[in-house]
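In what follows, a single structure is set out as C-alpha cells and then discussed.
Where a number appears in this text, it was derived from the coordinates with a stated rule and is not lab data. Because the structure is predicted, anything quoted here is derived from the model rather than measured. All Cβ positions, glycine included, derive from the backbone under ideal geometry; neighbour counts span all protein chains shown.
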Amino acid sequence: MTTEAVRLTHWQDQVADKRARQKASIPKEWLIPSVPEDTTNVIDIPQTCGLLTQRELEITGASEVTELLGRLASAEYSAVEVTTAFYKRAIIAHQVVNCLTEIYVEKALQWAAELDAYLKEHGKVKGPLHGLPVSLKDQIPIKELETTMGYAAWVGKYAEDDAVLVKLLLKAGAIPYVRTNLPQTIMWGETYNNVFGRTLNPYNRRFTPGGSSGGESALIAMHGSILGIGSDIGGSIRVPAHFCGLYGFKPSSHRLPTYGVVNSLDGQESVPTAFGPLSTSLSGITTLVRSILEQEPWSYCPNTVPKPWQQDDYSLKAHGEGKKLCFGIMWDEGSVKPHPPIQRALEMTKKALEAAGHSFIEWQSLRHAEYVAVARSSFLADGSEDYNSCLTTGEPIINSMDPSADPSDVPAFRIPRSPLSAYKVWQLNKERKELRKALLDRWQATVSQTGTGRPIDALICPVAPYAAVPHGRTRSSIYTIIWNTADYPSLIIPVTKVNPAIDTKPTRESFWGEEDEVVYNMYDPEAYEGLPVGIQLVGPTLQEEVVLGVGEVVNAALKAAQKQDAQD
C-alpha cells in the first residue's frame, strides 16, 4: 500500500470511529422512525414523532428564556427534567437535520442533579442561568471531551480544561449539554465537514441553515435548544440566525471571553472572531451577555475588555430613554440588491417603528467593498498554512459546499494566495484603522440630520441579500462582514417569512455587476416559501448594551405591529 493510500485510510478510519462513537452515545430509546428524504420541512417533527411527553413538549416549547429560568428558580421545573427534555429534543433534531457533534447525556444530567440538590439545600439558585441547558458550537472545549472542529486530524484529542466561557457558564448555573456542527475550517457561510457531514435547514432540508454556526441555528430553530453560543468573524452568528428565524448577537470582538477556545486562523487579530449568543428570544440574548459580564470575564481572559454590564446604557438613558429614537436605514450596500422578502422585512420594521413614534434617515453605502477586501485579505494572509496544518492525516480540503461539486474544482475565492509579509499585514491594519475612523466620523455627523441632538441611535440593514439558500449557493457576506471589519456589535431580529404571493420576483433590465445578477437569478419565490427573514441592527464599538436596549424597542414595535395586523 502506498504512503498516500495509508494516509487516506487513516483519516477515513478516524472519521468512521468518531461517527460510530457518536451514534453509540445516543440513548436507543430516543431514536425515532426515519423521516423520508423528500420531507423537506421538519420543524414540527419533535411535536409529531411521539417521543416527547406533553410536559416535555411544554418545557421545550418555551421561547422566552427568562420565563424558563423563572420556573427553574421556583422549582416548578427541575434542572434534571429540563435538561432531559431539551436533550431528547436535541437528539430528535439531530436525527433529521444532523446538527450535533458531542453528545454526553450522563455528564449533563449529573450537572443538572447537582443544581437541583443545591437549590433544595440552599433555597436559592446557584446563578442567573440556574438549570438552563445551553448549547455550544464545536470550538468551545469542555474538559475531557473531544473538540474536532470538523477536522479528522483532531479526532481523539481531548480537552484538558474548560474554555473560560464554559467555566463562567457553569459558575452561572448553566448546563452546557451538547455541542454543534460547523464547517471544515469554519470559514464558510454553510455547515459541512468530513467528520460529521452536512447540517440541514429544518424549514427546508434542501437549504442550508447557514454557517459557520449552522449546527446551532438548526438546533435552536427546532427548539432542541433555547440558547446557544456561536462565533462570528464574517457573519457566522448572524447569517444562521437570519436563515433559521432566530435572534443572534455579534458583540464587539473582545467583549466576551475567548480564552481557551479553538479556532481557525488562531492568532489572526486584524479582524478578530467574536463569540456571542443565538436564541429563540431576545431575553435569551440579553440574559446570556449580562450573566457573563457580571462575572468580570476580564479576570479570566486577558483579551476581554474590562467593561462591566452598563444598565444605564441598556435602559437607553443617553438615548432619550428609548423614546423618539432616530434610526439610519440602509436598504442595500450598492453592489448586491436584496431579494424582495429582505426589502419587505426592512419596510415592515420601518413602518412599525414609525408607528411607535420613531424616525429614520437614509444611510447610503460608502466604501463597503473596502471593508470586505481588508477582512478577506487578512483571513488569507497566511497563504492557507493554517488550514494545511490541520489536515495532517490525509483529509482533503473542502473546496465547495455544493453537494454536486467536483472535489478537485477550486473556486477562485478558495485558491490559496501567496502569504503576506508582516509589513503588508501592517498596511492592512492601517487601512482598517482609517476605515474605522471614517465610519466613526460619518456616524457622528448624522447629528445634523436626526433632530434629536445626537447621532443615529442605531443602523438597520439587511443581514444578507437573501433568505436561506440551497446547499452550496451561499454567496456574498458583504452585509455582515463590514461590521466585523468595523468591530461594531450587531443584533439579528426575526421579522417575517417568505411569502410568494407578496414577494414576487421583479423584472430587472440592468445589474450593478456580475454578483448582483447571480444573486437576482437565484431567487425563486415558490422555492423560498416559508423561509425566515430577519433584519440587522448595528451600533458603534463596545456599545453592546445600547444595541440590545434599542433591540428591545425594535422587537416591541414589530410585535405590536403584528398584533395589530392580526386584529385588522
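Remarks
- By definition, a body whose alpha carbon gyration tensor gives a ≥ b ≥ c is rounded when a/c is under 1.5, and the chain falls into this rounded group.
- Net charge over other residues, Cβ less than 13 angstrom from the Cβ of Ile492 (K, R count +1; D, E count -1): 0
- Computed from point charges on the beta carbon alone (+1 for Lys and Arg, -1 for Asp and Glu), the dipole magnitude for the chain about its Cα centre is near 620 Debye.
- Long-range amide H partners of Ile535 with built H, under 5 Å: Ile493, Val495
- Dipole magnitude of region 117-203, debye to nearest 20 (Cβ charges: Lys/Arg +1, Asp/Glu -1, about Cα centre): 320 debye
- For the peptides 452-458, 28-34, 282-288, 42-48, the ranking by packing is 282-288, 452-458, 42-48, 28-34, with the highest mean count of neighbouring Cβ atoms within 10 Å listed first.
- HN-Hα J in Hz across region 57-74 - Karplus 6.51, -1.76, 1.60, θ = phi - 60°, x for Gly and Pro: 5, 5, 5, 7, x, 5, 10, 7, 4, 5, 5, 5, 4, x, 6, 5, 5, 7
- Spin-label model, Arg508 to Asp441: label points 7 Å out along the Cα-to-beta-carbon direction sit 3.2 nm apart.
- Karplus-based coupling profile of region 95-111, in residue order and whole Hz: 5, 10, 10, 6, 10, 9, 10, 9, 10, 9, 4, 4, 4, 5, 5, 5, 4, with θ = phi - 60° in 6.51 cos²θ - 1.76 cosθ + 1.60 and x standing for Gly or Pro.
- Taking 0.36 nm per residue of separation and subtracting the Cα-Cα distance, full extension of the segment from Gln54 to Arg71 would add 4.5 nm.
- Listed by chain and number, the aspartates and glutamates placed with their C-alpha closer than 14 angstrom to that of Lys124 are Glu76, Glu114, Asp116; residues fewer than eight positions away on the same chain are left out.
- For region 224-229, 3J(HN,Hα) per residue [Karplus equation, 6.51 cos²θ - 1.76 cosθ + 1.60, θ = phi - 60°, Hz, x = Gly/Pro]: x, 8, 10, 7, x, 10
- Within region 199-222, backbone nitrogen closer than 16 Å to the virtual label 7 Å beyond the Cα of Ser404 toward Cβ: 206-208
- Residue ranges 159-168, 351-360, 239-248 sort as 239-248, 159-168, 351-360 when ordered by packing (mean number of other C-beta atoms within 10 Å per residue, highest first).
- Calculated [222 nm] ellipticity per residue, helices only, for the chain: -12000 deg cm²/dmol; basis is -39500 (n - 2.57) per DSSP H run with n ≥ 4, divided by all residues, nearest 500.
- With a threshold of 28 Å on the Cα-Cα distance, the over-threshold entries among Lys250/Lys430; Lys167/Lys424; Lys323/Lys563; Lys317/Lys437 are Lys167/Lys424.
- Under 5 Å from the amide H of Ala458 lie the amide H atoms of Gly328, each residue being 5 or more positions distant or on a separate chain, with H modelled from the backbone and absent for Pro and chain starts.
- Leading residue at positive end of dipole, the chain (Cβ point charges), from Gln444, Leu391, Ala486: Gln444
- For Phe360, the residues 5 or more places off, or on other chains, whose built amide H falls under 5 Å of its own are Phe327.
- Mean Cα-pair separation over length for region 332-453, i.e. relative contact order, pairs under 8 Å, 6 or more apart, %: 29 percent
- Cα gyration tensor shape of region 307-420, rounded if a/c is under 1.5, else prolate or oblate by comparing a/b with b/c: prolate
- Between Gln12 and Ser63, the contour length at 0.36 nm per residue exceeds the Cα-Cα span by 14.4 nm.
- Lys, Arg +1 and Asp, Glu -1 on Cβ, resulting dipole of region 153-296 about Cα centre, debye, nearest 20: 440 debye
- Sorted from longest to shortest, the spans of the Cα atoms of region 83-215 along the three principal axes equal 48, 33, 22 Å.
- Mean sequence separation of contacting Cα pairs (under 8 Å, at least six apart), scaled by the length of the chain, corresponds to a relative contact order of 16 percent.
- Taking other residues whose beta carbon is less than 12 angstrom from the beta carbon of Lys430, and scoring Lys, Arg as +1 and Asp, Glu as -1, yields +3.
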